[in-house]
1. If a residue has to be in a strand (DSSP E or B) and buried (at least 20 other Cβ atoms within 10 Å of the Cβ) to count, how many in the range 52-79 make the cut?
2. Kindly check whether there is at least one residue in the range 243-257 that is modelled with pLDDT under 65, open to solvent by less than 30 Å² (accessible area, probe 1.4 Å), in a helix (DSSP H, G or I) and farther than 18 Å from E69 by Cα.
3. Any residue in the range 80-105 that's farther than 16 Å from T146 by Cβ: show its pairings with residues that are among the basic types (K, R) and open to solvent by less than 40 Å² (accessible area, probe 1.4 Å) at Cβ separation under 9 Å, as long as the two are six or more apart or on different chains.
4. Just one of L45, L101 is more than 13 Å from the chain's Cα centre (by Cα) and among the aliphatic types (A, V, I, L, M); which is it?
5. Mind checking which residues of the range 93-128 are under 30 Å from H164 (Cβ atoms), of a type outside the set (A, V, I, L, M), open to solvent by 10 Å² or more (accessible area, probe 1.4 Å) and touching a helix residue (DSSP H, G or I) at 6+ places or on another chain (Cβ under 8 Å)?
6. Can D284 be described as in contact with a helix residue (DSSP H, G or I) (Cβ under 8 Å, 6 or more places away or on another chain) and either open to solvent by 60 Å² or more (accessible area, probe 1.4 Å) or at pLDDT 80 or above (or both)?
Amino acid sequence: MTALHRLKPYLHRDVLLPAIALLLLVIAAFKPTIPVPRNIYSTMLVIDISQSMNTKGMSWRGEDISRLEYAKHLAHDLVASMPCGSRVSLAFFAGLSVAALYTPIEVCGNYAVIQETISHIEWRQAWSGNSRLREGVDSLARLLRTMPEPTHAIFMTDGEEAPHLHAFNTRDLTNFQAGSDWLLVGIGSKEPHPIPKYDENNKMLGYWSAENFVLQPGVAQISQQNIGTRDKGTALSENDRYLSVMDEEYMIQLSQEIGVNYVNGDNLEAVKSAMNQMKPSRRDLSPMNIDWLLALAAGGLVLASYTPQRLRKLLKRVLHRKPVK
């Protein structure tokens with residue numbers, strides 16, 4: 001008897017197809033990938049961590065949260081929506097400048113690290129008490145030029161200029177060059193809310209007063225050596241509190257001035273859509289998981305192992321099964 005005759009009983013479709021399905025499931029368990037051509041995006045997520053971002057008024061799943069907490073939720077979701085092969089960097093904005101934590105790294109291989117870093121962002125990481133947005137966009141443009149590959153920017157901020165702009169402290173951006181796609185994302189409510197004031201232990205002291213937010217910065221902080229300093233006073237009454245709003249009109253004007261796109265961060269899907277419309281940094285081969293395809297094929301083979309007659313008999317047996325008394 002030849003080897004083929006000995007194997008013939010095992011080559012019947014009732015045995016062969018389930019065996020192949022089992023093999024496919026075993027392979028799928030190892031999460032195999034295949035290289036496919038994809039658009040590769042390199043993105044820097046820039047989050048404003050100045051004190052105005054501690055202002056409440058944002059809603060997330062029914063909870064009233066601060067602008068900074070909302071920006072973190074938004075960053076979590078944006079990273080989760082990025083396909084494998086994409087690269088992302090995190091950066092902070094405070095005072096006059098933007099500082100990157102690291103150069104762009106691959107999303108899927110470093111997913112837990114990136115999300116963990118985002119969850120630990122807080123205002124005490126700021127190196128200055130002020131936020132000079134016009135200076136910040138210029139700092140960001142210079143930072144992006146140092147990245148190892150073309151990198152887009154998604155800048156999340158409430159648009160609060162502190163000190164407020166006047167003739168002496170308005171940065172001229174006439175010759176500004178973004179160098180790549182940018183997305184300016186407005187974070188905050190258009191309803192006025194007071195800015196909470198915390199100490200170095202993150203204990204709330206009160207709220208910023210209108211006087212120390214407007215008058216003191218405008219007079220005392222024009223000089224470089226005083227930038228970032230704040231007095232220790234707080235609002236003495238509810239009427240004395242400085243009320244902050246997201247300055248959307250200013251951010252739209254600034255985005256048009258420097259030639260970048262603006263989107264309101266209230267709508268997550270709108271932010272994702274705007275992010276997906278950004279031009280890819282490059283096109284390259286990227287791994288694609290095929291475990292789900294193998295599992296789908298295995299299921300199809302199991303169904304195919306039943307001939308139409310046997311399948312009908314099986315269904316008839318199930319449908320006419322008598323209940324156990």
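The values are calculated or read from the model by the stated rules, or taken from the named source; none is laboratory data. Everything numeric here is computed off the predicted structure, so don't read it as measured data. With ideal geometry, Cβ positions are generated from the backbone for all residues, glycine too; neighbour counts draw on all protein chains shown. Side chains are part of the model used for accessible areas, which takes the heavy atoms of the whole protein and leaves out ligands, DNA and RNA. Shrake-Rupley method; radii C 1.70, N 1.55, O 1.52, S 1.80 Å.
1. Residues of the range 52-79 in a strand (DSSP E or B): 58-60, 63-65.
The next check asks that each one be buried (at least 20 other Cβ atoms within 10 Å of the Cβ); those that pass are 58.
Here the count works out to 1.
2. So the first thing to find is which residues in the range 243-257 are modelled with pLDDT under 65, and the list is none.
Scanning the range 243-257, I find no residue that is modelled with pLDDT under 65, open to solvent by less than 30 Å² (accessible area, probe 1.4 Å), in a helix (DSSP H, G or I) and farther than 18 Å from E69 by Cα, so the answer is no.
3. From residues that are farther than 16 Å from T146 by Cβ, the pairs are G95/R132; L96/R132.
4. Working: L45 fails: more than 13 Å from the chain's Cα centre (by Cα).
None of the others qualify; the one that does is L101.
5. Selection gives S97, E122, W123.
6. Working: in contact with a helix residue (DSSP H, G or I) (Cβ under 8 Å, 6 or more places away or on another chain): no; either open to solvent by 60 Å² or more (accessible area, probe 1.4 Å) or at pLDDT 80 or above (or both): yes.
For D284, the condition - in contact with a helix residue (DSSP H, G or I) (Cβ under 8 Å, 6 or more places away or on another chain) and either open to solvent by 60 Å² or more (accessible area, probe 1.4 Å) or at pLDDT 80 or above (or both) - is not met.
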